Amino acid sequence: MMRLKNKVALVTGAGRGIGKEIAMALAREGAIVIINDIDETSAKEAAKEIQASGGTSKGIKADITNLEEVQEMIEKSKQEFGPIDILVNNAGYWTIKLFKDTTPSDWEKDIGICFIGTLNCCKAVIEDMMEKKSGRIINIVSDAGRIGEPYLSVYSGAKAAVIGFAKALAKELARYNITVNNIAAGVTKTPGVENFLKMVGEERLVKAYPMRRLGKPEDIANGVIFFALEESGYITGQTISISGGYTTL
Ligand SMILES: NC(=O)c1ccc[n+]([C@@H]2O[C@H](COP(=O)([O-])OP(=O)(O)OC[C@H]3O[C@@H](n4cnc5c(N)ncnc54)[C@H](O)[C@@H]3O)[C@@H](O)[C@H]2O)c1
């Protein structure tokens, strides 16, 4: 189905993993997709994959922790495709350590990519959305930000910050017909979690998931499509967990 035909979507950190799958799903629904990543090669490759299947896409390198780079990226895509209709704040980073072993540079990375990156991207797109009186902002957060996960304390805090920010931004932007929602992923199989799965043991972890499987990037992408649709326009400021029943808040 082409339920997002001609909408312009930006997905951050979409060179691989969940972000790439979100980008593919948006393209299948007819959206023009800007693939952002700090890794230029993977951003361009992912955009090529979409083009090869008949979609419209462009890969743009930018470090989302840097507001100027983000603004340049938005300007570039605006010149070619017009303003962003759908922003998916997906790029993330997590330090896996007990808090006592973390350093300020770990804190800076988790908070910078998860929280400041989200602020930068929202800042760069919302004025255009306000002018158009429509828009969708969807943040990929984590159940860690709601229930707290040991070894992921700073990440848990950074994702909780995104959740709180989204609730407030949703209220500020509701009158402009812009919705802001969060998807809290449970453990989802991507390149980013390979080491973590080896560390904790995948079989052991799966037992904590009532559906007895870990998430797939498609599970998260399906949630993004839901929030992006016209029909979801009265849902804002919400956080939905996509974790096979692991987190039932
Ligand atoms: N995979 C999981 O189990 C899981 C669980 C809960 C939440 N999440 C969240 O889902 C999102 C995607 O996770 P993933 O597993 O696909 O991660 P991943 O590590 O596989 O991919 C993340 C992508 O973001 C890019 N990136 C990193 N820093 C960036 C920056 N400064 N600017 C632009 N791009 C940058 C990386 O290059 C990479 O391509 C993250 O926000 C993560 O916190 C993942």
Hey, which of these cross-link pairs are over 28 Å Cα-Cα: LYS58/LYS198; LYS133/LYS167; LYS76/LYS132; LYS132/LYS216; LYS20/LYS198? LYS58/LYS198; LYS132/LYS216
Cross-link partners of LYS5 among aspartates and glutamates (Cα-Cα below 13 Å; sequence separation of 8 or more within a chain): GLU29, ASP85, GLU230
Where the centroid of each part is defined by its Cα atoms, how far is segment 42-99 from segment 214-231 in Å? 18 Å
How high is the relative contact order of segment 1-130, in percent, with contacts defined as C-alpha pairs under 8 Å that are six or more residues apart? 25 percent
Nearest 10 degrees, 0 to 90: what angle lies between the long axis of helix 217-228 and the longest principal axis of the chain (Cα atoms)? 40 degrees
Long-range amide H partners of ALA185 with built H, under 5 Å: VAL141, SER142, ASP143, ILE242
The exposure ranking of LEU214, LEU249, LEU67, LEU26, fewest beta-carbon neighbours within 10 Å first, is LEU249, LEU67, LEU214, LEU26
On a 0 to 90 degree scale, rounded to 10, what angle separates helix 40-52 from the longest Cα axis of the chain? 60 degrees
For the chain, give the magnitude of the charge dipole about the Cα centre (Cβ charges: +1 Lys/Arg, -1 Asp/Glu; no others), in debye to the nearest 20. 660 debye
Along the charge dipole of the chain, which of MET129, GLY244, GLY215 sits closest to the positive end, that is, farthest toward it, with unit charges on the beta carbon of Lys, Arg, Asp and Glu (+1, +1, -1, -1)? GLY244
Given the rule -39500 (n - 2.57) for each run of at least 4 DSSP H residues, summed and divided by the residues of the chain, what is its mean residue ellipticity at 222 nm, to the nearest 500 deg cm²/dmol? -14000 deg cm²/dmol
The chain: relative contact order in percent, alpha carbon pairs under 8 Å with at least 6 residues between: 19 percent
Within the under-15-Å Cβ sphere about ARG16, not counting ARG16, Lys/Arg +1 and Asp/Glu -1 give a net charge of -2
Using only Cα atoms and rounding to the nearest 10 degrees, what angle (0 to 90) does helix 117-132 make with the longest principal axis of the chain? 30 degrees
Listed residue (ILE22, ILE38, LEU4) projecting farthest to the positive dipole end of segment 4-85, Cβ model: LEU4
Dividing the mean separation of Cα pairs under 8 Å (6+ apart) by the residue count of segment 157-214 yields a relative contact order in percent of 24 percent
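Read-outs throughout are calculated quantities, based only on the coordinates presented, and are distinct from any laboratory measurement. Since this is a predicted model, take the numbers as computed values, not measurements. Here the Cβ is made from the backbone with ideal geometry for all residues, glycine too, and neighbour counts use every protein chain on show.
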